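Heads up, the thing below is written out as structure tokens.
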Amino acid sequence: MRIAVIADLHANLPALRAVLDDVLALGCDTIWCVGDLVGRGPYPGEVVDEMRRLEVPVVQGNWDEAVGQRREHPGVIWASPEAEAAGQASLAWTVAHTTDDQRSWLRQLPVADRFMLGDRSVLLFHGSPVRQNEYLWSDRPSRVFARVGSDQGDDLLCFGHTHEAIHRVVGRSHFVAAGSVGCGSLDDPTARYAVIDAAGAELMVTFRSVPYDHLSVEAAMRAAGLAPGLLWMPPAGHAVQPAEAGRLVEA
């Protein structure tokens, strides 16, 4: 079984399409999406429609909840007042550029999804099992992950929110942060996602780095009156750690 795990699409349709093409080329059996389809980027409605068309498991991220409920804040910690202003403008713009039907679909997304993959218990969530906007950074102590694993009791836990691409094993629990499809960095503007190969008792996790036309997305953001820097701005101003050596594969 080969699974593509995607996260933090952030209304970036060209990045999503590039990733879906790569997923198809790899022969993945299914896709799991761990939230934040919208916010920041210029194609929220198109990304929602694409994910609905795929009919795959999707959980709700903090941006999805904020847009669906027409919140005044997306539940993000911003690095500066300027970044917060750009984010607030993106939230208002996204609400205005999605339909009632699209926002209704975002509202009904589950905050978590638990199911079985063979004899493994899988849990999908966005930030943490407790809060959509909690950050499980890779540099958090092992005891934090151990507590989550103990509280939830699952074998495989997949999440997003941090935009990091990590695979961490604590006890019997595998934690996979799937990177970000829609938001890269100035140094590496590629779209990233995780691939899980489950064969018997073994789990192998790699991360894919997929190029796309990010300049056209920046141009679309400027045309919409959005700050292009939202594409590269790390969550909470926290430095996003690179994927472990040997785990990142360029498409």
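The values are calculated or read from the model by the stated rules, or taken from the named source; none is laboratory data. If you're wondering where the values come from, they're calculated on a predicted model, not measured in any experiment. All Cβ positions, glycine included, derive from the backbone under ideal geometry; neighbour counts span all protein chains shown. Just the protein is used for accessible areas: all its heavy atoms, side chains included, with ligands, DNA and RNA removed. Shrake-Rupley method; radii C 1.70, N 1.55, O 1.52, S 1.80 Å.
Worth pointing out:
- Heavy-atom surface analysis with a 1.4 Å probe gives region 1-117 a carbon and sulfur content of 50 percent of its accessible area.
- If R0 is taken as 25 Å, the Cβ-Cβ distance between residue 89 and residue 2 corresponds to a FRET efficiency of 0.05.
- Among the protein heavy atoms of region 150-215, carbon and sulfur supply 53% of the accessible surface, probe 1.4 Å, non-protein parts ignored.
- Long-range amide H partners of residue 170 with built H, under 5 Å: 175
- Residue range of the chain that is longest and free of GluC sites (Glu not before Pro) which are both DSSP loop and sparsely packed (at most 15 other C-beta within 10 Å): 73-243
- 10 Å-binned pair-distance histogram of region 2-83 (Cα, whole percent): 17, 49, 25, 8, 1
- The alpha carbon convex hull volume per residue for region 169-209 rounds to 68 Å³.
- Nearest-0.05 FRET efficiency for residue 204 and residue 99, computed from C-beta distance (R0 45 Å): 0.65
- Karplus-based coupling profile of region 223-230, in residue order and whole Hz: 5, 7, x, 9, 7, x, x, 4, with θ = phi - 60° in 6.51 cos²θ - 1.76 cosθ + 1.60 and x standing for Gly or Pro.
- Residue 215 versus residue 80: modelled label distance in nm, points set 7 Å from Cα along the beta carbon direction: 2.5 nm
- Span from the region 1-74 Cα centroid across to the region 170-192 one, whole angstrom: 14 Å
- Computed over protein heavy atoms with a 1.4 angstrom probe, the accessible surface ordering of 233, 221, 204, largest first, is 204, 233, 221.
- The modelled label-to-label distance between residue 26 and residue 188, using points 7 Å beyond Cα along the C-beta direction, is 1.4 nm.
- Amide proton proximity set for residue 209, modelled H, under 5 Å, gap of 5+: 249, 250, 251
- Value of [θ]222 nm, deg cm²/dmol, for the chain, DSSP H segments ≥ 4, -39500 (n - 2.57) each, nearest 500: -9500 deg cm²/dmol
- Projecting label points 7 angstrom from Cα along Cα→Cβ for residue 130 and residue 169 puts them 2.7 nm apart.
- Residue-normalised accessible area of the chain, given per residue in Å² at a 1.4 Å probe: 41 Å²
- Around residue 28: net Lys/Arg minus Asp/Glu count, Cβ-Cβ under 12 Å: -2
- 6, 77, ranked by accessible area, largest first (probe 1.4 Å): 77, 6
- For the chain, taking the reciprocal of the average inverse distance between every pair of different Cα atoms yields a Kirkwood hydrodynamic radius of 17.8 Å.
- Taking each residue as 0.36 nm, the span from residue 55 to residue 114 lengthens on full extension beyond its C-alpha to C-alpha distance by 19.6 nm.
- Convex hull (Cα only) mean projected area of region 86-210, reported in nm² to one decimal: 9.4 nm²
- DSSP-assigned coil residues among trypsin sites (Lys or Arg not before Pro) in region 14-82, each with at most 15 further Cβ atoms within 10 Å: 70, 71
- Couplings for region 145-155, taken from phi via the Karplus curve 6.51 cos²θ - 1.76 cosθ + 1.60 with θ = phi - 60°, read 5, 4, 5, 4, x, 5, 5, 8, x, 9, 7 Hz in order; Gly and Pro are left as x.
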